[in-house]
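Each remark here refers to the structure printed beneath this line.
What follows draws every value from the coordinates through simple rules; no lab data is involved. Predicted, not measured: the structure shown is a model, and the values here were computed from it. Counting neighbours? That spans all protein chains shown, and the Cβs are built from the backbone with ideal geometry, glycine included.
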């Protein structure tokens, strides 16, 4: 018997075996599987009504991505559709974050829109589906309930050189409504929220009410995405560890393994302005008894020092005409008795560690301005020879004459960065500061 003959016989035997197995499957396994498929396809689910429970909140803006979160009323799968035209033609659909499984949830949908172009206007809508289980564990989503269509513009060197800042809102909803109205009126493409969104949160539902399902101004971030930076109060209460389940962290790809814990830090170009976000942490030292030995803010700030030094080496940051750093607690206070945040008594008026570690880098690389909050009153600290960066401290949440809430607006006009402090008590511009571009 030659080799070809042996190969033919073996192949015939194999085909016969496969046919036999196929016959068994056709009469058993396949039929049962087909029944499951038929049941799955036969299940008809209606479009849910009032599954969407908040306006979308755009967040974590970047040149090539945008995050969005919104509340839902029951267990669901979330979507975002994005297009480069208002008619939503050829829209790209994204689902909830997560691998190997999408982040299904009964209250919050978080979606990251990626692969976007810098400085580009997009239109989007969000939606959600309920989930049924027609066959055992087999899931089937309903047709989505969709929001209306909104728009946003990604960050980037060709984006508008314009930003707005709010801080220390502390769930004062009357003030928040005025702030939201002002943000819309100013029309800046991004908002920086410098923390103390509330005094403390004990449950995720409280976080949802603070950020997504607000009592007033619920559309504050449908078109103007938020860079959220922690305040000291945002580290208080049991829910603080779950804050990124509502206000997302930065994309992991934006930082190295060394910088993995720095989920709120960012360095992003917004037109001619480099926006840099730093987290000052708590307003008390790590050895303060209120922390019960649980805080590690001192090494956390030092981690940010190494991160900050690296950001200034990135070409798009190094070549920016304007550099503005944002944080919650100021890193300078001229009063000799101002609490520096490293003593047991009371609470910090300024963050000395941030001043000592970040200040020299801001000086070395020519940053013009630091914008902070925490003190609940507007203040301007002039630059000096030793500290060549200025500092603006924004107001708080109380509608009073001397401690008025503020919206700080920065915009490049006529070759200068004009920073206007909008007094929300009087409804007028309190003052305007102008900054020349850096020599780059």
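Miscellaneous remarks
- Computed FRET value (nearest 0.05) for residue 241 with residue 102, which takes r as the C-beta separation and R₀ as 25 Å: 0.65
- Judged by the mean number of other Cβ atoms found within 10 Å, the most tightly packed of the peptides 117-126, 41-50, 331-340, 387-396 leads the ranking 387-396, 117-126, 331-340, 41-50.
- Segment 290-440 - percent relative contact order, Cα under 8 Å, separation 6 or more: 17 percent
- Correct option for Rg and Dmax of the Cα atoms in Å [calculated from the coordinates] among (1) 23.3, 79; (2) 26.8, 106; (3) 22.1, 70: (2)
- Whether segment 74-177 is rounded, prolate or oblate, judged on the alpha carbon gyration tensor where a/c under 1.5 counts as rounded: oblate
- The eigenvalues of the Cα gyration tensor, multiplied by 5 and square-rooted, give segment 328-406 an equivalent ellipsoid with semi-axes of 22, 16, 10 Å from largest to smallest.
- The three principal axes of the C-alpha atoms in segment 152-262 carry coordinate ranges of 41, 40, 19 Å, sorted with the longest axis first.
- The fewest-to-most ranking of 211, 297 by surrounding Cβ atoms within 10 Å reads 297, 211.
- Computed from label points 7 Å out along Cα-Cβ, the spacing between residue 174 and residue 64 is 4.8 nm.
- Shape of segment 309-440, Cα gyration tensor, a/c cut at 1.5: oblate
- Two-site FRET efficiency, residue 215 against residue 44, from Cβ-Cβ distance with R₀ of 35 Å, rounded to 0.05: 0.40
- For segment 266-359, a Kirkwood hydrodynamic radius built from all Cα pairs, placed in the Stokes-Einstein relation at 10 °C and 1.306 mPa s, yields a translational diffusion coefficient of 111 µm²/s.
- Relative exposure of 58, 51, judged by other C-beta atoms within 10 Å (fewest first): 51, 58
- Inverse of mean 1/r across different Cα pairs in segment 91-141, Kirkwood, Å: 13.3 Å
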